[in-house]
1. Place a +1 charge on the Cβ of each Lys and Arg in segment 184-314 and a -1 charge on the Cβ of each Asp and Glu, then give the dipole magnitude about the Cα centre in debye, rounded to the nearest 20.
2. Among the DSSP beta bridges whose two residues both lie in segment 98-241, what percent are antiparallel, rounded to the nearest 5?
3. Using the Karplus curve 6.51 cos²θ - 1.76 cosθ + 1.60 with θ = phi - 60°, work out ³J(HN,Hα) for each residue of segment 54-60 in order, rounded to whole Hz, and write x for Gly and Pro.
4. Under the rule that an exposed site lies in a DSSP loop and has at most 16 other Cβ atoms within 10 Å, name the longest stretch of the chain with no trypsin sites (Lys or Arg not before Pro) of that kind, not counting the sites themselves.
5. With unit charges on the beta carbons (Lys and Arg positive, Asp and Glu negative) and the dipole taken about the Cα centre of the chain, which residue among LEU136, THR225, TYR107 sits farthest to the positive side?
6. Once the convex hull of the alpha carbons of segment 70-127 is built, what does its volume come to per residue, in cubic angstrom?
7. Using C-alpha positions alone, give me the convex hull volume of segment 244-341 per residue in cubic angstrom.
8. Among VAL125, VAL45, LEU236, which residue has its Cα positioned farthest towards the positive end of the charge dipole of the chain, with +1 placed on the Cβ of Lys and Arg, -1 on the Cβ of Asp and Glu, and the dipole taken about the Cα centre?
Amino acid sequence: MMRVGILGGSGYTGGELLRLLHFHPQVEVTQITSREQAGRYVHSVHPNLRDVCRLKFVHPDALEASDLLFLALPHGRSARGIETYAALAKKIIDLSADFRLDSAEAYRRWYGEAHAAPDWLGRFVYGLPEINRERLRGADFVSGVGCNATAVNLALLPLVESGLLERAAIEIKVGSSEGGNKPNAGSHHPIRSGAVRTYRATGHRHQAEVEMALGSDLSIHFAVTAIEMVRGVHLLAHCQLAKPMTERDIWRLYRGRYRSEAFVRLVSGRVGMHRLPEPRVVAGTNYCDIGFELDADGRHLVVIAALDNLGKGAAGSAVQCLNLMLDFEESTGLHFPGIYP
């Protein structure tokens with residue numbers, strides 16, 4: 001049984017990690033930390049775990065050694081404390097953005113500050129199994145993924161790999177949990193409820209991960225809009241293809257790329273309410289659903305994708321990476337299919 005700790009466990013991602021890992025047959029969560037909640041039962045913050053998990057939060061200073069440590073900390077803290085955390089665990093999965101990028105220059109460009117531990121950037125493997133599976137096997141240090149970047153990367157990957165994508169203009173709609181559990185002026189209920197607010201029309205930081213994964217020479221641009229939803233990322237990408245394609249061609253391309261991927265599902269029906277991906281359907285799961293509609297000219301392809309920002313966009317992908325790092329079956333602990341309605 002692998003002993004696992006979660007540093008920064010009072011946030012939404014920390015709670016999702018604890019929920020998933022509690023039912024993982026080869027993992028035991030031995031400690032979970034929170035400065036503000038130290039000494040309290042985890043169910044006081046994550047009420048869905050009442051009578052399920054009897055752990056109490058401990059102060060970060062009391063964290064003990066473990067086999068693997070998840071870092072679910074606010075931006076910047078993982079980098080500032082990485083030497084300390086590496087002394088406590090041989091394997092680390094960092095769910096923040098601190099180690100997602102592969103160069104200090106890229107980090108400064110996108111985050112507007114110098115990286116606190118630039119020598120560590122090259123030691124982390126970007127934690128998206130669908131593109132980095134072999135590098136993740138047996139890795140010691142793995143980064144998390146950005147939820148919006150993951151939706152873009154998985155939606156466009158088959159087009160990019162085949163050389164078909166000329167450009168893509170993307171609208172991403174997200175739920176309120178993407179902003180974390182700390183309230184701010186924009187998350188105040190009278191302001192947030194009913195809102196359709198574009199908060200990043202250009203230059204979203206997750207663009208850096210898209211360029212790293214798919215290539216910086218591609219014309220891929222996306223805007224992010226907050227809507228009335230708690231969990232979820234919904235992507236709609238207008239893609240210009242290099243040559244005319246048929247619907248059968250697109251099916252063949254996406255099926256060929258994702259046939260062996262346990263957590264990418266193709267959803268593109270001709271009838272019914274659920275003929276295209278919806279965030280509600282994947283809530284609480286590690287799935288990314290992808291669908292499409294091809295315009296009559298054969299070159300304008302609209303790709304639609306949906307995932308749970310706390311699941312496949314964060315904690316779910318992290319547990320998938322854990323399984324690869326430790327040579328477990330990749331889908332262990334991630335079989336929950338969601339609920340409907």
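The values are calculated or read from the model by the stated rules, or taken from the named source; none is laboratory data. Every value quoted in this text rests on a predicted model; they were computed, and no experiment measured them. In this analysis, Cβ positions are derived from the backbone assuming ideal geometry, glycine residues included, and neighbour counts consider all displayed protein chains. Just the protein is used for accessible areas: all its heavy atoms, side chains included, with ligands, DNA and RNA removed. Shrake-Rupley method; radii C 1.70, N 1.55, O 1.52, S 1.80 Å.
1. 240 debye
2. Antiparallel bridges make up about 55 percent of those DSSP assigns within segment 98-241.
3. 9, 5, 10, 5, 10, 5, x
4. In short, 138-258.
5. THR225
6. Measuring per residue, one finds 74 Å³ for the Cα hull of segment 70-127.
7. 102 Å³
8. Selected residue: VAL45.
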